[in-house]
Amino acid sequence: MAPVVSLRPLGLADADAFMAWASDDRVMRFLKRPLCATREQAVAQIRDTVLGHPWFRAVCVAGRPVGQVSVWPYADEGGRRANLGYALARDHWGRGIAAAAIRMVVGRVFDDLPGLERLEAVTDVDNVRSQRVLEKAGFQTEGVLRRYIAGRGGGEARDAVIYSFLSSDRA
Amino acid sequence: MELQQGGAPAAEPDDEVTLREFTLADAEAFMSWASDPRVARFQRRDAYEHVDQARHYISDHVLPHPWYRAICLADGVPVGSISVKPAPAEGGGRLFRASVGYRVARAHWGRGVATRAVRAAAEAVFAAWPWLLRLEAVADVENPASQRVLEKAGFVREGVLRKYIVLKGRPRDMVMFSLVDTDRHQQKQPMESSRP
């Protein structure tokens, strides 16, 4: 039976659940967020990054947080363009949860963020799993942008695949 | 600042392009492209109607800009402009990307002026900014002339970004191009072998 996926705001009370993915390098290696090694760091990250965020949700399975999904409007674009980020605890990969969560995001975020026209997602060229998730969630592949994203830990800039979902893509 | 690539016709001496910084005295020359709706069509700004607008733009935007140059022909009079803007580093990370944009007066279209200016600007910023790894440019899907300029200047077409930029109040699909540091290492090889 397919897992029941839901989205809800993520709060300080979720710090322990948050650690399950935010401390895992296999999950976080393609994101730009620093790893949370301790519960204190998790609390600080939730407080500093999550609580005031324009659109940040916990991804829940059977009501329990197993990941996160967030939409970050770009600074110069007056809110019409934003970037999608997500992470899912390793134990829950391969069950369609991330794609289901992202489909729920595109179903809601254009109403929640008025003026949003273009939601972008950028994945490392080596992150084939994430590319499949975005395709399953209905994003359109636009191309490979060379030397587009920073390497982890000060490494060389990496090539990335860029995807988009437009407000006009909604059925 | 000519980069000769195999097959490209040699430039006439009076077609040679140089880049220099703007001064307020260039405001009149600036109007030759800034007041032309055919040039402004693919820009965010509307065409200017008065030279004071050019003067204000030069003092408020051009002079403080990280990298903004006048495109000049042999007589030193500007016939266009080219600018390169570093992309903000995300979350306190390193700078490594920048984007280039250019505009040329209508009278000088179709003669390779923009292509030579883009090549010269790329050469200059990769030399001036050792941190630069990716120089990108976008061209409207309905602007094939600009797409050809970027291709001839050695940029690689990467894809169409849908509703990427708003021009004149309408979201436009844009073709994304890039020139990266490793492209230039390859381009340099024929240059070095042709030096005496």
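With N residues in chain B, what two-decimal value do you get for its Cα radius of gyration over 2.2 N^0.38 Å?
So the Cα radius of gyration is 1.02 times the expected 2.2 N^0.38 Å.
Tell me what chain B gives for mean residue ellipticity at 222 nm when only DSSP H runs of n ≥ 4 count, each as -39,500 (n - 2.57), the sum divided by the residue total, rounded to 500 deg cm²/dmol.
Theoretical 222 nm ellipticity from helices: -8500 deg cm²/dmol.
Using the C-alpha atoms of the range A:5-166, what convex hull volume per residue, in cubic angstrom, is computed?
114
Against the globular-protein guess of 2.2 N^0.38 Å, express the Cα radius of gyration of the protein assembly as shown as a ratio, rounded to two decimals.
That ratio works out to 1.13.
What is the local net charge at A:Asp24, summed over the other residues whose Cβ is closer than 11 Å to its Cβ (Lys, Arg +1; Asp, Glu -1)?
Here the count lands on +1.
Enumerate by residue number the chymotrypsin sites (Phe, Trp or Tyr not before Pro) in the range B:83-142 meeting two conditions: DSSP loop (anything except H, G, I, E, B), and at most 14 other Cβ atoms within 10 Å of the site's Cβ.
The qualifying sites are B:Trp131.
Averaged over peptide A:139-147, how many Cβ atoms belonging to another chain are found within 10 Å of each residue's Cβ?
Mean shielding count: 6.
Work out the FRET efficiency for B:Ala127 and A:Trp72 from their Cβ-Cβ distance, taking R0 = 41 Å, and round it to the nearest 0.05.
So the FRET efficiency works out to roughly 0.75.
Find out how many positive minus negative residues lie around B:Arg134, taking Lys and Arg as positive, Asp and Glu as negative, among other residues whose Cβ is under 14 Å from that of B:Arg134.
0
Who wins for biggest fluctuation among B:Lys85, B:Lys152, B:Lys163 in a Gaussian network model of chain B, springs between alpha carbons below 10 Å?
Checking each option, the largest mean-square fluctuation is seen for B:Lys163.
If you take the Cα Rg of the range B:86-147 and divide it by 2.2 N^0.38 Å, with N the number of residues, what do you get?
1.32
Could you work out how far apart the two model spin labels at A:Ala2 and B:Ala74 are, taking each label as a point 7 Å from the Cα in the direction of the beta carbon, and quote it in nm?
With each label point 7 Å from Cα toward Cβ, the separation is 7.0 nm.
For the protein assembly as shown, what number of Lys pairs, 8 or more residues apart or on separate chains, have alpha-carbon atoms under 23 Å from each other?
6
Which percent, to the nearest 5, of DSSP beta bridges fully inside the protein assembly as shown are antiparallel?
If we restrict to bridges inside the protein assembly as shown, about 90 percent are antiparallel.
Ignoring any ligand, DNA or RNA, what whole percent of the accessible area of the range A:5-166 comes from carbon and sulfur when the probe is 1.4 angstrom?
Roughly 49 percent, rounded to a whole number.
Determine how large the accessible area of B:Trp129 is when every protein chain is in place; take a 1.4 Å probe and give Å² rounded to the nearest 10.
40
The values are calculated or read from the model by the stated rules, or taken from the named source; none is laboratory data. In this text, all values refer to a predicted model and were calculated from it rather than measured experimentally. With ideal geometry, Cβ positions are generated from the backbone for all residues, glycine too; neighbour counts draw on all protein chains shown. These area figures cover heavy atoms from the full protein model, side chains too; ligands, DNA and RNA do not enter into them. Shrake-Rupley method; radii C 1.70, N 1.55, O 1.52, S 1.80 Å.
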